[in-house]
Structures are given as structure tokens and as C-alpha cells.
Amino acid sequence: MDGPSNGDNLRRMTHHPPPKHRSPLRKAGHWLRNVLVTMLIAATAFLVAGLVYDDPRVTGLLGMDSGTHSRSEPISTAPVQQTEAAGVARPADTPPPGLEESDAPLGVPELQSVTSESYKFLVLNDDGSPVGYSPCRPLHYVVNETLAPEGAAHLVHDAIRTIGLATGITFIHDGETAEEPSGERDPYQPAAYGDRWAPLLISWTTPEAAPKLKGQVIGTGGSTHYSFNGGPKSFVTGSLELDAPQIDLELERPDGAQYATAVILHELGHVMGLEHVDDPVQLMYPEIGTPDGLAAGDLSGLRELGQTQCRKDL
Ligand SMILES: [Zn+2]
């Protein structure tokens, strides 16, 4: 039985708009049967069409919120440190602000031949601007690649390069790490990474170690935003988990490398701040379709995410 094409057919059926019923009430039984059949097809499609990427994940942390606390009011039992330059208090659980931050973006997103509005952001600021990483400092990343399928480790670095071009953001590979994925990762780990925000953690892992990968989910990704003194939010670190055993199986297919790349790019899309869209042409569609890489909407969204504010205050 031809699994993938069968799955595609069924998936198309589930995304088809439901037929409009104008039947009289006496046909309610017939209608109910149709609904049940549709639900059965949908359930089968989910099982056969198989893999979904994930649920996008965002964590938000708040620094001191001047909107709800006055300066003199104690806002936390955590000790507060003073930065010498501005004399502004900061909580002890954040690194010194502005590390490696320049006055202007370090790069520019590459030009796009075709743009599209088929993209969505995971988080918006109050003024409607998207929340992303500061383009004015490099985005460091580390990889736990102990479980990477043979010959697949380079796919992560290739995908990072693609995202770097699309956003204009400068990525720096800080090497391998032994850090394990965690649902409650501390964004600031001075003992492990020094006095700065922890780098983006990319893990080749398993559903046992990262339970959100259980079932048909093949990858997860997201970032943590920080808002200091009630200012606009910005991502400060993130993580991306890849289901190594599942991707290893996919890599046996002739188009396995493109497929795995699609998964990594989709998750990096979440890390940078993109939400799912309903448009199956885009890589940010929640189910894995044809692995054609970033489409016009994905690229337009990433381009915007690469042009958020510089953040010397974070
Ligand atoms: Zn997703």
C-alpha cells in the first residue's frame, strides 16, 4: 500500500471545506452519519498522513514592570543588582544588558523576488510589532548532537544558514553541548555559558527525553521573550528539539534530507517568532507536506522578524 500518496489524498479531503447541508430535519440521521463518516476519515487521515511538526511554544518572562510597581516598591524577594552605566536596577537572574549589542542591525535580510502576506507571528508587542531577536547582536547557538543520525548533523547548520540569510541575523555556532532539553530551561545559566543569556539550544533527542515529541510530533521549537521595565518584548534565548529516531527513519527515504531540512526550518521558524498558518504552501503549515523549503510567506515573515528593534537594555 502506498502510504504517503494515500495520506496526501486523505489529508486533502480533511482540509476540503465541509459540504453545506440544507436538508430538512428528517434528514438529520443522514446528516449525522455524514458527520461521523467525515470524523472517521479525519481520524484516519491523521493516522495515515502522519507527521505533524509540533505545537509552537513561547515562554515569556517579565523583568520589573514599572506599570504595576513604583520604583521604590519592593517587587521581588530576589536580590537586585545595579548596572554601573545607567544606574538602572536589574534582577539578579538576568545577565548584564546589551552584551554584543550594536547600534544597528548586523546584517540585512536577503531580497525576495516574490513577497506574500501568508505569515503570522507568535507574539506581538502592544504596538502590533512582532517579537523577535535583536538583529543588532549575534544569536549564539549550541547543539547537542550525540543522537544525531549519521551524516545528518550538518542539516542543522545548513538550515541555520538559510534562516540567517532570510532574517539578516548573524548566527554564531558556539559548539556542541551536553545540555539536555528541558521544558523549564533557565534562560540565564552563568555557570554553563557565562554572564550572558544562554545560547539557543538545538537538541537531537528522543520522545523519552523530550515528552512533547511523543506520538507523531517530529520536532518542537520556541523562544523565551523578556520584557524589562515594561518595555517591548524581545526573545533572549530559545530551544529546538528534533526527534532523532523518527528523523533517522525519514532519512531512509529518497527525499529524506529535504524532509528533515523542512522539519528543522519549520522549528527554526517558530524559534524566530513565526506562528502556524493555514496555507499548505508555506513551511509554517502545521503538517509536513512537500518539503520545498521556505515559501514566500515564510520568507516575508522572517524578513520582518529580522528587522525588529535593537535592544541595548536586554
Ligand atoms: Zn509548528
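Laid out as a table, the results:
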| read-out | value |
| --- | --- |
| Calculated SAXS-style log₁₀ I(q)/I(0) at q = 0.16, 0.25 Å⁻¹ - the stretch 190-235, Debye, Cα scatterers | -0.67, -0.95 |
| Cα pair distances in the stretch 190-314, grouped into 10 Å bins until the bin that holds the longest one, percent each | 12, 38, 33, 15, 2, 0 |
| Label-zone membership for the stretch 221-242, site S129, 7 angstrom Cα→C-beta point, backbone N under 16 Å | 226-236 |
| Mean shadow area of the stretch 100-223, taken as a quarter of the surface of its Cα convex hull (nm²) | 10.1 |
| Accessible surface ranking that places the most exposed of T205, T146 first, with a 1.4 angstrom probe | T146, T205 |
| Solvent-accessible ranking of H276, H270, H173, largest area first, probe 1.4 Å | H173, H276, H270 |
| Projected area, mean over directions - the stretch 51-305, Cα convex hull, nm² | 14.4 |
| Table column - 3J(HN,Hα) (Hz), the stretch 113-120, Karplus curve with 6.51, -1.76, 1.60, x for Gly and Pro | 6, 10, 9, 7, 9, 8, 8, 9 |
| Sequence-distant residues sharing a close amide H with T59 (under 5 Å, placed H) | S223, T224, H225 |
| Built amide H within the under 5 Å cut-off of S203, gap 5+ | N144, L240, E241, L242 |
| Part-to-part distance (alpha-carbon centres) for the stretch 87-151 and the stretch 273-297, which is given in Å | 20 |
| H154 accessible area, 1.4 Å probe, all protein chains in place, Å² to nearest 10 | 100 |
| Hz values of 3J(HN,Hα) by residue in the stretch 180-196 - Karplus curve (6.51, -1.76, 1.60), Gly and Pro given as x | 8, x, 8, x, 10, 6, 6, x, 10, 10, x, 5, 8, 10, x, 7, 7 |
| Protein-only accessible surface order, largest first, of L165, L299, L265 at 1.4 Å | L165, L299, L265 |
| The stretch 189-288: GluC sites (Glu not before Pro) in DSSP coil with no more than 13 other Cβ atoms inside 10 Å | E208, E252 |
| For the stretch 157-167, 3J(HN,Hα) per residue [Karplus equation, 6.51 cos²θ - 1.76 cosθ + 1.60, θ = phi - 60°, Hz, x = Gly/Pro] | 5, 5, 5, 4, 4, 4, 5, x, 5, 5, 9 |
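The values are calculated or read from the model by the stated rules, or taken from the named source; none is laboratory data. Here the structure is a predicted model, which is why all the values come from computation and not from measurement. Using ideal geometry, Cβ is built from the backbone for each residue, glycine included, and neighbour counts are taken over all protein chains shown. Accessible surface areas use protein heavy atoms only, side chains included; no ligands, DNA or RNA. Shrake-Rupley method; radii C 1.70, N 1.55, O 1.52, S 1.80 Å.
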